[in-house]
Amino acid sequence: MKRSLSFVPPVLPALSELWMRRRMGNGSGRFLLPLVGFGFLLVLWQVSSWTWAKDLPSPAETWEKSRIYILQPLAKRGEMDQGLLRYVLNSLALVAQGYGLGLLAGTLFGLLLGCSPVFTRMFDPVVQMLKPISPLAWLPLGLVLFQNTRGAAVFTIALCSMWPTVMNTALGLRNVPQDYLNVGRVLRLSRLRMLWKILLPSALPYMFTGYRLSLGIAWLAIVAAEMLTGTPGIGGFLWQEYNALIYEHILVAILAIGLVGWVLDRCMLALERWITTSMS
Amino acid sequence: MSLVLENVEKQYGARLILRQVNVHVRDGECVCLIGGSGLGKTTLILMAAGLIRPDRGEVRVCGDRVTGPRDDVALVFQNYSLLPWLTAQGNVELAVEQRFPDWPSSRVAAHARRYLEKVKLAHALDRRPPELSGGMRQRVALARALALEPRVLLLDEPLSALDALTRAELQAELARIHQETRCTILMVTNDVEEAIILADRIVPLHPGPPATTGPEFVVDLPRPRSRQRLNHLDAYKRLRASVTEYLLQAARKPVRTARPVEATALATAQA
């Protein structure tokens with residue numbers, strides 16, 4: 001008992017020092033620890049392909065078979081044979097349309113929900129019901145409604161991605177401090193000026209949190225939409241290569257999807273932080 | 001009379017919190033309403049501002065019955081209530097634009113700047129509230145109210161969140177501004193010295209519930225009233241003692257005693 005106690009303390013300072021260095025960002029921990037994480041993933045992948053998942057290509061095989069897509073990222077050898085970055089850009093263009101539409105609709109809808117208790121009573125149950133519906137469920141409906149894959153994809157992305165924006169915009173408006181509302185009342189601001197000068201600036205940090213979450217969902221939805229419709233984007237590529245039984249390409253597509261989603265989230269997070277600090 | 005609260009009563013639910021409140025403020029006068037916390041002082045000042053409607057009685061400004069916020073009444077909130085996403089200048093400009101909608105933006109900006117200079121914030125026009133100290137924030141709030149060029153200025157414990165030094169400094173500032181602008185002021189406070197430095201008359205709020213206004217004290221001391229000067233005046237000491245004693249006694253005996261206080265007897269001040 002005594003021995004184990006005397007053994008423990010030196011471990012804690014060492015760990016906390018590592019933690020501190022990482023937090024301060026001036027040590028090797030800032031880059032080293034994430035690399036350890038990725039290294040772990042790589043090892044798991046390699047071991048899996050050796051042992052229980054015989055059909056899973058190893059990291060080296062994956063690189064060998066798909067490097068043309070990575071090393072010539074913008075090449076276009078055919079409609080369904082393009083560089084990885086080109087696929088990603090196609091997908092991003094589609095996401096931008098659906099996400100833009102979702103933001104617009106979501107913000108307006110959120111404004112109505114946040115401003116009017118009657119409206120909230122009326123539509124909150126509808127929102128709660130539509131929110132959990134997966135993109136895979138919306139897409140066939142989109143195809144029926146628009147008769148083309150692009151319209152269906154935009155429709156699906158917009159519908160799936162708008163909910164965090166709706167909820168956060170409404171939340172932001174409901175949480176405007178009473179003090180700010182009093183200022184508006186004392187100054188006798190008109191309803192429109194009240195919205196523009198007080199409600200919106202006050203709710204903006206909430207809204208940007210919603211926009212970030214929505215972007216994450218939009219990126220989730222694009223892959224599903226492309227897989228089902230065979231659009232020449234990163235999701236369409238993934239599905240095509242599955243049908244062609246080229247598993248290496250599937251893995252590369254998966255990694256690309258994750259990487260792009262991560263970058264998108266970081267960008268939105270930076271924007272969100274900037275808005276939050278400049279607003280308060 | 002610039003501002004009159006006549007037999008004003010207010011209840012929240014079944015609980016009557018203010019009963020028979022009577023305050024009269026003449027043109028250019030500064031009246032301080034004094035009382036402990038939780039008596040309904042803020043409710044009272046919000047009623048004067050037209051943000052809350054009294055259940056009985058009425059509030060009049062320049063003879064008109066108050067039914068809502070008015071252009072010629074400005075209110076300084078206890079917690080500043082500045083908009084954090086606007087600069088000091090922007091906060092004041094928002095009010096000026098609203099008060100004088102016909103003005104071009106250059107005139108609005110100049111007007112706002114003039115009032116910020118008046119409260120000695122010329123150096124901090126472009127700073128946002130989070131970058132300002134408590135005292136500076138309250139100065140911005142004061143500039144915002146003054147820039148409306150109100151007939152009546154309502155102050156809801158404007159200095160209660162500040163440290164003693166800043167507080168004294170701003171009291172002097174308020175006294176100077178009152179002398180300069182001669183606008184009518186009703187100020188709520190819980191500080192006897194503050195009331196004496198600023199007020200022409202002090203109206204105590206007698207604790208309840210329901211709270212009600214007590215007999216007033218006339219402050220007939222020479223101006224400008226700096227702390228250093230007041231501390232040597234016997235009249236000041238006597239007045240401070242009797243206001244304090246009244247408030248302490250009232251706190252012990254919540255039921256109203258109709259005992260008149262010889263306030264005017266204290267008014268023999270010598271410089």
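The values are calculated or read from the model by the stated rules, or taken from the named source; none is laboratory data. Since the structure is predicted, the reported quantities are computational estimates derived from the model, not experimental observations. All Cβ positions, even for glycine, are placed from backbone atoms using ideal geometry, and neighbour counts span all protein chains on display.
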In the set A:Asn168, A:Asn182, the lone residue that is assigned to a helix (DSSP H, G or I) and either out of contact with any strand residue (DSSP E or B) (no Cβ under 9 Å at 6 or more places or on another chain) or farther than 30 Å from B:Met47 by Cβ (or both) is A:Asn168
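Got a sec? Which strands (runs of 3 or more DSSP E) wholly within the stretch B:1-120 have at least 2 residues that are surrounded by fewer than 21 Cβ atoms within 10 Å (Cβ to Cβ)?
It comes to B:3-12, B:15-25, B:56-61.
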Among A:Arg212, A:Arg273, A:Arg266, the single one that is charged (D, E, K, R), touching a residue at least 12 places away in the same chain (Cβ under 8 Å), out of contact with any Pro (no Cβ under 6 Å at 6 or more places or on another chain) and in a helix (DSSP H, G or I) is A:Arg212
In the set A:Pro132, A:Pro140, the lone residue that is more than 17 Å from the chain's Cα centre (by Cα) and exposed (fewer than 14 other Cβ atoms within 10 Å of the Cβ) is A:Pro140
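For every residue, the table says whether it meets (1) at pLDDT below 85; (2) among the basic types (Lys, Arg); (3) surrounded by fewer than 13 Cβ atoms within 10 Å (Cβ to Cβ).
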position	(1), (2), (3)
B:Arg176	no, yes, no
B:Ile202	no, no, no
B:Arg238	no, yes, no
B:Leu247	no, no, no
B:Arg252	yes, yes, yes
B:Pro260	yes, no, yes
B:Thr264	yes, no, yes
Condition met for A:Gly100 (in the same structural domain as A:Leu215 (by TED's automatic domain parsing), loosely packed, with under 14 Cβ neighbours inside 10 Å and either out of contact with any Ser or Thr (no Cβ under 7 Å at 6 or more places or on another chain) or farther than 30 Å from A:Val166 by Cβ (or both)): no
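Okay, residues lined up against (1) touching a Pro at 6+ places or on another chain (Cβ under 9 Å); (2) of a type outside the set (A, V, I, L, M):
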site: A:Ala152; (1), (2): yes, no
site: A:Pro164; (1), (2): no, yes
site: A:Val186; (1), (2): yes, no
site: A:Arg191; (1), (2): no, yes
site: A:Asn243; (1), (2): no, yes
site: A:Ile257; (1), (2): no, no
**Message:** One residue is enough: does the stretch B:128-141 have a residue meeting the conditions within 22 Å of B:Ala175 (Cβ to Cβ), in contact with a strand residue (DSSP E or B) (Cβ under 6 Å, 6 or more places away or on another chain) and either within 13 Å of chain A (Cβ to nearest Cβ) or not aliphatic (A, V, I, L, M) (or both)?
**Reply:** yes
Filtering the stretch A:116-160 down to residues that are in contact (Cβ under 8 Å) with a residue 60 or more places away in the chain and of a type in the set (S, T, N, Q) yields A:Ser134, A:Thr149, A:Thr156
*Taking A:Ala170 as the residue in question, decide whether it is away from chain B (no Cβ under 13 Å), within 23 Å of A:Thr276 (Cβ to Cβ), touching a residue at least 24 places away in the same chain (Cβ under 8 Å) and among the small types (Gly, Ala, Ser).*
yes
B:Arg137 meets each of (1) surrounded by fewer than 20 Cβ atoms within 10 Å (Cβ to Cβ); (2) in a helix (DSSP H, G or I); (3) of a type outside the set (Asp, Glu) with one exception, condition (1)
Only unsatisfied item for B:Glu149, checking (1) over 22 Å from B:Cys30 (Cα atoms); (2) within 14 Å of chain A (Cβ to nearest Cβ), is (1)
In the set B:Asp71, B:Asp102, B:Asp156, the lone residue that is among the acidic types (Asp, Glu), in contact with a helix residue (DSSP H, G or I) (Cβ under 7 Å, 6 or more places away or on another chain) and modelled with pLDDT of 90 or more is B:Asp156
Note on the stretch B:52-86: residues within 13 Å of another protein chain (Cβ to nearest Cβ) and within 28 Å of B:Val243 (Cβ to Cβ) are B:Ile52, B:Val73, B:Ala74, B:Leu75, B:Val76, B:Phe77, B:Gln78, B:Asn79, B:Tyr80
Restricting the stretch A:259-280 to residues that are within 13 Å of chain B (Cβ to nearest Cβ) and surrounded by 13 or more Cβ atoms within 10 Å (Cβ to Cβ), the one modelled with the highest pLDDT turns out to be A:Ile275
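From the residues in the stretch B:172-201 that are among the hydrophobic types (A, V, I, L, M, F, W, C) and within 11 Å of the chain's Cα centre (by Cα), which one is nearest to B:Ala161 (Cα to Cα)?
Among those residues, the one meeting the criterion is B:Val188.
Every residue, every condition in (1) in contact with a strand residue (DSSP E or B) (Cβ under 7 Å, 6 or more places away or on another chain); (2) touching a residue at least 24 places away in the same chain (Cβ under 8 Å); (3) not basic (Lys, Arg), yes or no:
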| site | (1), (2), (3) |
| --- | --- |
| B:His206 | yes, yes, yes |
| B:Thr213 | yes, yes, yes |
| B:Phe217 | yes, yes, yes |
| B:Arg227 | no, yes, no |
| B:Leu230 | no, yes, yes |
| B:Arg238 | no, yes, no |
| B:Ala241 | no, no, yes |
| B:Leu247 | yes, yes, yes |
Residues that are within 16 Å of the chain's Cα centre (by Cα) and in contact (Cβ under 8 Å) with a residue 40 or more places away in the chain: does the stretch B:48-55 have at least one? yes
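For the subset of the stretch A:173-206 comprising residues that are away from chain B (no Cβ under 13 Å) and within 22 Å of A:Met268 (Cβ to Cβ), which member is surrounded by the fewest Cβ atoms within 10 Å (Cβ to Cβ)?
Checked the stretch A:173-206; the qualifying residue surrounded by the fewest Cβ atoms within 10 Å (Cβ to Cβ) is A:Asn175.
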